[in-house]
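Below: one structure, written as structure tokens.
The values are calculated or read from the model by the stated rules, or taken from the named source; none is laboratory data. All values derive from a computational prediction rather than experimental measurement. Cβ atoms come from the backbone with ideal geometry, glycine included; neighbour counts cover every protein chain shown.
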Amino acid sequence: MSRHVLITGATGMLGRQLMATAPKDYSVMGWSHSDLRPGLDAIDAVSATQVDGFFAEHSLDVCIHTIAWPDVQKCENDEEGAYLVNSVTTENVAAACRRHGVRLIHMSTEYVFDGTREAGYGEDAEPNPLQTYGQTKLVAERQAVTVPEHLVVRLPVLYGELAQNLSPLWVPALLTALTRGSTVKLDDRFERQPTWTFDVAQTLWRLVDADVQGVIHVASQEGMTKYAWGLLLASAAGLDPSVIEPARGMPVVPGIPKPLRPWLLTQRLEQMGVPPLPGLSHRARAYVNSVPAGTAPGVPSSFVESNG
């Protein structure tokens, strides 16, 4: 069935993948605040007037809201900025969806959980964010559920195509550092569920087709620390993993609490008959082959990852 879909944050890592993989019978529009390109609209989602004006001018069925500021350290350093990007944009989009009868699919994060539950977190688990990033994303969730037809999608750490106008993601930076033989120190404490944006986008379009509502977790069920992640990528790229060292002492971001294991269980997807998304061990080689050479220039001689 043909639908008119808006993707906010269309030039971000996930937004770009959604734009590229949209079903052919869908009419898809995208927003971008700074990285303008043909086919996108320049909308400042912090402006309620701009947001509502766009909804009023276009006949939309679905809005997929991917705008976010996921840099844990920068969110902690700029709480007001984090609130504007993560919470206020969602408040404005949710209000426009309610007013114009548009279904909202909102992207959230595993950072709404504290990571203390060994068995992991189902969709009905009680959130308890530890830092500004998780707190502002939880506020956003509460805005999203005010839309009569809504779906909150919690995601783990993602890897994918580097978004333009952003500093290099740690994975392309890692590959560049390894190519140069640089020393690399990666966290070996915090367990994550790295998931490829390609697989997430495919699943999201399936959820749009099925009109799924409520809360759902979309994540691979293969866990690893960034140290293990780095070793796997090095092997897939045919690079020397011996320069990668585990960092087990201080937290990755000093002074900012992070959940040790915010494991997202994917019970609802499994009940729908959707198999778990492929883990990195099944995707590493394909992903490494997709990363353009020279994606992360200017990596220092000693590379130490610093973000969530």
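Taking into account only those residues within region 97-128 that are part of a helix (DSSP H, G or I) and buried (at least 23 other Cβ atoms within 10 Å of the Cβ), which is farthest from the chain's Cα centre (by Cα)?
Of everything passing the filter in region 97-128, Cys97 is farthest from the chain's Cα centre (by Cα).
Go through region 168-214 and report how many residues are part of a helix (DSSP H, G or I) and of a type outside the set (D, E, K, R).
21
Out of all the residues in region 77-126, which are of a type in the set (D, E, K, R) and either in contact with a Ser or Thr (Cβ under 8 Å, 6 or more places away or on another chain) or in contact (Cβ under 8 Å) with a residue 12 or more places away in the chain (or both)?
Glu79, Glu91, Arg98, Arg99, Arg103, Glu110, Asp114, Arg117, Glu118, Glu123, Asp124
Only one of these is surrounded by 17 or more Cβ atoms within 10 Å (Cβ to Cβ), assigned to a loop (DSSP other than H, G, I, E, B) and assigned by TED's automatic domain parsing to the domain that holds Arg206: Ala68, Ala94, Ala82. Name it.
Ala68
Looking at (1) closer than 30 Å to Leu138 by Cα; (2) buried (at least 21 other Cβ atoms within 10 Å of the Cβ); (3) not assigned by TED's automatic domain parsing to the domain that holds Met13, can you tell me which one Leu178 breaks?
(1)
Taking the stated definitions as given, is Leu239 crowded, with 16+ Cβ neighbours inside 10 Å and in a helix (DSSP H, G or I)?
For Leu239, the condition - crowded, with 16+ Cβ neighbours inside 10 Å and in a helix (DSSP H, G or I) - is not met.
Select from region 17-42 the residues that are touching a residue at least 24 places away in the same chain (Cβ under 8 Å), surrounded by fewer than 18 Cβ atoms within 10 Å (Cβ to Cβ) and out of contact with any strand residue (DSSP E or B) (no Cβ under 8 Å at 6 or more places or on another chain) and list them in ascending order.
Those that are touching a residue at least 24 places away in the same chain (Cβ under 8 Å), surrounded by fewer than 18 Cβ atoms within 10 Å (Cβ to Cβ) and out of contact with any strand residue (DSSP E or B) (no Cβ under 8 Å at 6 or more places or on another chain): Ala20, Thr21, Pro23, Asp25, Ser34, Asp35, Arg37.
What residue, among those in region 24-55 that are part of a strand (DSSP E or B) and more than 22 Å from Val88 (Cβ to Cβ), is farthest from the chain's Cα centre (by Cα)?
Applying the filter and picking the extreme gives Ser27.
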